[in-house]
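The values are calculated or read from the model by the stated rules, or taken from the named source; none is laboratory data. Treat the numbers as computed from the prediction; the structure is a model and nothing was measured. Using ideal geometry, Cβ is built from the backbone for each residue, glycine included, and neighbour counts are taken over all protein chains shown.
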């Protein structure tokens, strides 16, 4: 799949260093595509939203990936 503006993806939060809060997937909308693995996102959190630029694809904290197909 290729990322395009407006597609819904998951952004993985960092969590906390001590592990009190684990990394979790958050809903995000692609707002700009730099290449097949690097995009800008509008991330939707339970407490609001934020914009993150130059996010690379992966499943570690601070990265984005496609939602799992069920």
*State all residues of region 37-59 that are under 10 Å from the mean Cα position of the chain (by Cα) and in a loop (DSSP other than H, G, I, E, B); if no residue qualifies, say none.*
58, 59
*Going by the conditions given, is residue 34 modelled with pLDDT of 95 or more, exposed (fewer than 15 other Cβ atoms within 10 Å of the Cβ) and either in contact with a strand residue (DSSP E or B) (Cβ under 8 Å, 6 or more places away or on another chain) or part of a loop (DSSP other than H, G, I, E, B) (or both)?*
yes
*asked:* Among the listed residues 11, 21, identify the single one that is at pLDDT 95 or above and either out of contact with any strand residue (DSSP E or B) (no Cβ under 8 Å at 6 or more places or on another chain) or assigned to a strand (DSSP E or B) (or both).
replied: 11
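Can you give me the number of residues within region 38-47 that are at pLDDT below 95 and either surrounded by fewer than 13 Cβ atoms within 10 Å (Cβ to Cβ) or over 13 Å from residue 13 (Cβ atoms) (or both)? Step through it out loud before you land on a result.
Residues of region 38-47 that are at pLDDT below 95, as a first pass: 45-47.
Right, trim to either surrounded by fewer than 13 Cβ atoms within 10 Å (Cβ to Cβ) or over 13 Å from residue 13 (Cβ atoms) (or both) and you get 46-47.
Adding up the residues that qualify gives 2.
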